[in-house]
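For reference, the structure is listed below as C-alpha cells.
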Amino acid sequence: MAYRSTRPDPARLARIAFGQDWLTLDPAWLASSDPMDVRVRMGMYRLLVERTNPHGGFGTHDELNPLWGYASQLAWQHRSGRLGESPYAIAPTSWWGACNYALCVVPYVAAMQLGLVPELAVDVARAYEPALTAWREALRTMTTMTAAVCDHDAARVAIWRAHLASITLAVTLHEREYRAMPEAEQRFARGWVRMVDLFAAAAVRTDLEKLIETGGGALPSRVLRAGDPHDDLPRYERSTVRRVGELADHPAWRWAAAMRIWRRMMRTRTARLDAERLLAGMFGKDAWSAGARAVIYLLPSRLRAHRLLGELAVRSGE
C-alpha cells in the first residue's frame, strides 16, 4: 500500500495548517487499520483524495477534489484538542471524533465496497447503511468526472448529500458524548451542525484551492468552556464562535422553517454560487461586521437569501 507520488505543490500545501502532516504521512501507519488513530484517518483521507480522481476531473494533482475539506476538519479537531488528550489516539468519548468517524471511516468503507481504495480491516455499524448508500452514490459521481467533462457542482451536491446523511446519523447516535461536553462547547457544536446545513444546501466548495484561498476557515483553536469569555482567541475566531452560536440559539421550529426556505432558494447553480460568497463573508476569517450584516438585512427582496441569513443573525439575539 502506498500513496501516489504525484501530489500538489509542497509550497502550496504549506499554506494550509495540515499541509506538512499530509506530505509526511507514512502508509505504514495504515497497517494497524485502527480507526481511532488520527494518522490512520488522515491516511484514509489521502487515499480517498488520490483514488477518487482517476480521470483528472479534479485537477492534475487533485487540487479541486472536494474531499480536501474533510481532512482540514479532522486536522482542526486534532490540533484544537477536540479529539482527546492523546497525541494520536482519538478518545472514544469524543463527540467530535464520533462525528468525524461518520465522515471518514464511513466514506472509506463505501469506497472499499466500490473497489476504489485498498482494503483495510475496518467496518461500520449497520446503523450507517443509509450513509453508506449515499456515499457510494457520491463516489460514483466523482469517479465519472474527466478533465474534459467535469461537473464540479454536481459532485459537490452529491458529496454534501452524503455528508448530511452521515452527520445526521452521528448526531443521533452520540447524544451521550454530546451531553458530556462543556455547555459552551455544546452550543458551538449545535451551531456547527446547523452551519453544515447551510453549507450543504449551497454545495459550498471544500477543495484545496478553496482552502488555500480562505486559509481553512476561522474555527476556534481550543475547546470552549462554561463561562468562557474567549478573550485569548484571535478576533476572527471569536467572531466565528459568536456567529455559530447565534445559529444554535434559534428554536428548532424556526430553524426548520428557515432551512426549508433556504433549500428552496439553493435549487439553482447561480443561487448556490452567490450563497457561497455570502457564507464565506459571514463565517470566514474576513467575516463582515455587524453593520455589514445589517445592510444585508435591508437589501431588496430579489436577494432573498441574503435577507434570510440576516434575519437569522438578528433573531438569534431575541
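What follows is calculated from the coordinates using simple rules that are stated; it is not laboratory data. Bear in mind the structure is a predicted one, so any value in this text is a computation, not a measurement. With ideal geometry, Cβ positions are generated from the backbone for all residues, glycine too; neighbour counts draw on all protein chains shown.
So the values come out like this:
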read-out	value
Net charge contributed by nearby residues that have their C-beta within less than 10 Å of Pro35 (K/R +1, D/E -1)	-2
By average C-beta atoms within 10 angstrom, highest first, the peptides 32-39, 170-177	32-39, 170-177
FRET efficiency, Asp232 to Ser32 (Cβ-Cβ, R0 51 Å, nearest 0.05)	0.90
MRE, 222 nm, helices only [DSSP H, n ≥ 4, -39500 (n - 2.57), over the chain, to nearest 500]	-18000 deg cm²/dmol
Net lengthening on full extension, Thr270/Arg12 (0.36 nm per residue, minus Cα-Cα)	90.0 nm
Protection-proxy order for peptides 109-116, 254-261, each taking the mean of Cβ atoms within 10 Å per residue, highest first	109-116, 254-261
For Asp37, distant residues with modelled amide H under 5 Å away	Ile90
Among 190-199, 155-164, the order from most to least packed when residues are scored by Cβ within 10 Å on average	155-164, 190-199
Per-residue HN-Hα couplings for the range 69-80 [Karplus 6.51, -1.76, 1.60; θ = phi - 60°; Hz; x = Gly/Pro]	x, 5, 5, 4, 5, 4, 4, 4, 4, 5, 6, 8
Around Met181: net Lys/Arg minus Asp/Glu count, Cβ-Cβ under 14 Å	+2
Correct option for semi-axes √(5λ) of the Cα gyration tensor in Å [calculated from the coordinates] among (1) 30, 23, 19; (2) 34, 23, 17; (3) 48, 21, 18	(1)
Using a Förster distance of 25 Å, the FRET efficiency for Thr144-Thr168 (Cβ separation, nearest 0.05)	0.45
Positive minus negative residues near Glu50 (Lys, Arg vs Asp, Glu; Cβ under 11 Å)	+3
For the range 121-189 versus the range 236-260, the gap between their alpha-carbon centres in whole angstrom	21 Å
Degrees between helix 183-201 axis and first principal axis of the chain (Cα, 0 to 90, nearest 10)	80 degrees
